[in-house]
Amino acid sequence: MNLNEYKGVYIFIEQKSREIQNVSLELLGRGRGLADTLGEELVAVFLGDKIKDQCQNLISYGADRVIYVDSPLLDRYLTEPYAQALTAISEFEKPNIILVGATSTGRDLAPRVSARLATGLTADCTSLEISEEREMLMTRPAFGGNLMATIVCPDHRPQMSSVRPGVMQKLAVDTTRTGEIIEFGVNFDESKFKVRFIDEVKETKQLVKIEDANILVSGGRGVGTAQNFKNLEILADNIGATVSSSRAMIDAGIMGHDRQVGQTGKTVRPDIYFALGISGAIQHIAGMEESEYIIAINKDKGANIFNTADLGIVGDVNKILPLLNNELSKLSQQKV
Ligand code: FAD
């Protein structure tokens with residue numbers, strides 16, 4: 001393999017119902033920095049059906065070039081058609097780097113493509129840098145988050161990495177940017193398509209995604225019961241927040257998987273993060289430490305969460321929350 005033939009930083013752009021996902025814009029933001037350091041091009045790879053009119057958006061968020069594949073076979077994410085399309089583009093273009101969001105789609109797609117391209121993949125990176133040798137330094141938590149490992153892919157190309165939503169920053173949109181938009185034709189091998197889309201059943205509850213919430217009220221084992229979690233929901237309603245949780249409460253069956261903050265859950269970066277009855281295990285901190293302002297309530301004054309919190313309150317969360325909710329509802333009545 002002649003490594004010098006491989007050029008450019010390529011970002012897989014994820015869309016759902018033709019809506020570009022935030023993580024892809026965040027990766028364009030980081031990819032711009034990597035491409036500039038290398039003096040290479042930043043390319044958005046956009047797969048879907050009837051998506052052409054969105055390509056300019058990707059240029060406004062930092063791409064130099066957009067390669068899109070427009071096909072009814074790519075309307076909804078299915079592993080095989082997407083893996084075939086991304087592999088075909090990579091074989092033709094020979095990228096130096098490919099970045100993919102570590103979403104359920106990206107986690108399914110990236111390993112298959114890396115295997116087909118016979119290269120490595122570093123999953124769930126929290127930092128991406130370029131070394132003096134012009135290699136990508138891919139850093140991710142290892143051994144249950146107890147140390148950060150920096151991984152390189154010295155002998156194979158492309159260098160592939162997945163990054164969780166909320167870890168990188170997107171650039172400010174610049175509608176004056178110009179770039180090239182190219183359609184790519186893929187010869188799909190439909191005999192390999194073993195899975196068909198039949199129906200979509202949407203969850204009836206309309207919950208805000210925790211990674212998009214401005215304020216999160218997060219509860220841990222210290223909250224204890226589903227009944228006590230109602231206090232968190234009332235607080236969230238009072239202040240326009242969304243409820244999330246530590247893994248302990250997911251394991252206890254009190255909260256759904258989509259509400260989990262942390263290393264094996266979602267990375268969040270709200271303006272305000274309430275950590276209520278959460279000890280502050282390293283795997284939890286890894287998912288919320290970038291929050292603007294952290295308020296913790298814990299009855300143990302030695303709890304690790306207080307090392308990360310901006311405001312710490314030592315006390316029983318199940319006694320403090322009803323009092324706080326009471327005061328907040330009085331305030332809102334005064335406003336009326
Ligand atoms: P605990 O650690 O049990 O803490 C409960 C806290 O509540 C204590 O500090 C206690 O003092 C306090 N408390 C008790 N009663 C009250 C009260 N009445 N009022 C106020 N405070 C009270 N965890 C995650 O959260 N997210 C992850 O993504 C994640 N990924 C993991 C991945 C791996 C590979 C591993 C090994 C673990 C992972 N964990 C994750 C689990 C993590 O290590 C912790 O076990 C978990 O975060 C603990 O949750 P907790 O803080 O709610 O519970």
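The values are calculated or read from the model by the stated rules, or taken from the named source; none is laboratory data. Being a predicted model, the structure only gives us computed values, none of them experimental. Note that each Cβ is placed from the backbone with ideal geometry, even for glycine, and that neighbours are counted across all protein chains shown. All accessible areas refer to the heavy atoms of the entire protein, side chains included, with ligands and DNA or RNA removed. Shrake-Rupley method; radii C 1.70, N 1.55, O 1.52, S 1.80 Å.
For the reader, a short list of remarks on this structure follows.
- Positions within the stretch 222-236 being within 25 Å of the chain's Cα centre (by Cα) and open to solvent by 40 Å² or more (accessible area, probe 1.4 Å), in sequence order: 233
- Any pair with Cβ under 7 angstrom, 6 or more apart, that starts in the stretch 140-168 at a residue that is outside the structural domain of residue 261 (by TED's automatic domain parsing) and ends at one that is part of a loop (DSSP other than H, G, I, E, B) and aromatic (Phe, Trp, Tyr): 157/6; 158/6
- Among the criteria (1) of a type outside the set (A, V, I, L, M, F, W, C); (2) at pLDDT below 95; (3) open to solvent by less than 10 Å² (accessible area, probe 1.4 Å), the one residue 81 does not fulfil is (2).
- If you check 41, 19 for being among the charged types (D, E, K, R) and without any contact (Cβ under 8 Å) to a residue 12 or more places away in the chain, only one passes: 19.
- Matching residues, the stretch 16-25, being touching a Leu at 6+ places or on another chain (Cβ under 9 Å) and outside any strand (DSSP E or B): 24, 25
Here's the yes/no breakdown for (1) open to solvent by 10 Å² or more (accessible area, probe 1.4 Å); (2) modelled with pLDDT of 95 or more; (3) within 12 Å of the ligand (Cβ to nearest atom):
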residue: 238; (1), (2), (3): yes, no, no
residue: 276; (1), (2), (3): no, yes, yes
residue: 281; (1), (2), (3): yes, yes, yes
residue: 286; (1), (2), (3): yes, no, yes
residue: 310; (1), (2), (3): yes, yes, no
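- Which numbered condition residue 297 fails, given (1) near the ligand (Cβ under 7 Å from one of its atoms); (2) assigned to a loop (DSSP other than H, G, I, E, B); (3) β-branched (Val, Ile, Thr); (4) open to solvent by less than 20 Å² (accessible area, probe 1.4 Å): (2)
- Residue in the stretch 114-131 that is without any contact (Cβ under 8 Å) to a residue 12 or more places away in the chain and within 27 Å of residue 16 (Cα to Cα) present: yes
- Any chance residue 248 is assigned to a helix (DSSP H, G or I), within 30 Å of residue 139 (Cα to Cα) and touching a residue at least 40 places away in the same chain (Cβ under 8 Å): no
- The one condition from (1) of a type outside the set (Phe, Trp, Tyr); (2) open to solvent by 80 Å² or more (accessible area, probe 1.4 Å); (3) in a loop (DSSP other than H, G, I, E, B); (4) at pLDDT 95 or above that residue 174 does not meet is (2).
- Condition met for residue 216 (more than 10 Å from the ligand (Cβ to nearest atom), of a type outside the set (Lys, Arg) and open to solvent by less than 10 Å² (accessible area, probe 1.4 Å)): yes
- Entry remark, the stretch 26-67: residues being open to solvent by less than 10 Å² (accessible area, probe 1.4 Å) and not in a helix (DSSP H, G or I) number 12 in total.
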